[in-house]
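Worksheet: the structure to be examined is printed underneath.
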Amino acid sequence: MSKIWKTMTNLSPTTYFAISLIAKDAVGCYMYTTTAKNNKHYTPEKRADVANYDLANGIINIALQILAIKPIEAGITKLSESKFMKHCFKNLDQRLADKDNKAVKTLLKNKAALVKGSTALLSIGICQYIIKRFISPFFSMPASEKFQEWGLVKPTLYEGETYTKPSKLDFVYNAPENIGNNLKDFHEDFHDNLRDLHSDIHENLRDFHGEIKNKFDDLA
């Protein structure tokens, strides 16, 4: 237990965030898949379709986050320590340190912890948003069709119901139509997400600009 505790206390904030969110995604995947396979409002074929999609989406989300979180964290850390960032914030520490403000001095004293926390939040934000909104849905549909072909998740059957598992020939025959629909949906979702992201960035930048202006007004 002491070895486990020592290992856990040496983990980075990004790893803690990642473990928490991946565990949440795993529980969500199980709940969505189970709910879909038992949903009486769907036909057995629809239950199998939705349940296998939820399972594929959950597995891809979790796998990609595990693979991507460390490279993303390393890239952001490298960027924060780059000459470009140092040039952008040149002499800022000294100018802030000259201010007779307790909050600013506390901030500078804990600068390393602040950078670590910001890196963790940015890494998790990129990982969760880009992977879950853009990458995972693109691969989930083909994977779910394969899962359904294998019979990985079978629907719960109620009285009087029968279920015929789709054959490989059915998937091949419907593949062009499915791919076209997937690409169309992906294109529409991509544009919607970009529009929302653009709006959120503008709103956040406006709020951030107002907060910085107020801080410097207080310092003055």
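The values are calculated or read from the model by the stated rules, or taken from the named source; none is laboratory data. No experiment lies behind these values; they were computed from the predicted model shown. Because the Cβ atoms are built from the backbone with ideal geometry, glycine has one as well, and the counts that use them run over all protein chains shown.
Numbers for the structure displayed
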{"read-out": "V50 at pLDDT below 60, surrounded by 13 or more Cβ atoms within 10 Å (Cβ to Cβ), in a helix (DSSP H, G or I) and not polar (S, T, N, Q)", "value": "no"}
{"read-out": "Residues being basic (K, R) and either exposed (fewer than 14 other Cβ atoms within 10 Å of the Cβ) or not in a helix (DSSP H, G or I) (or both) - total across segment 13-47", "value": "3"}
{"read-out": "Test: F134 is within 27 Å of I22 (Cα to Cα), touching a helix residue (DSSP H, G or I) at 6+ places or on another chain (Cβ under 6 Å) and modelled with pLDDT of 65 or more", "value": "no"}
{"read-out": "Identity of the residue in segment 9-42, β-branched (V, I, T) and touching a residue at least 60 places away in the same chain (Cβ under 8 Å), that ends up farthest from S118 (Cα to Cα)", "value": "T33"}
{"read-out": "Residue within segment 59-72 that is over 12 Å from the mean Cα position of the chain (by Cα) and modelled with pLDDT of 90 or more present", "value": "yes"}
{"read-out": "Near pairs, Cβ below 9 angstrom, 6+ apart or cross-chain, from segment 57-70 (under 16 Å from S12 (Cα atoms)) to any residue that is outside any helix (DSSP H, G or I)", "value": "none"}
{"read-out": "Checklist (1) modelled with pLDDT of 75 or more; (2) touching a Ser or Thr at 6+ places or on another chain (Cβ under 9 Å) applied to K116, failing item", "value": "(1)"}
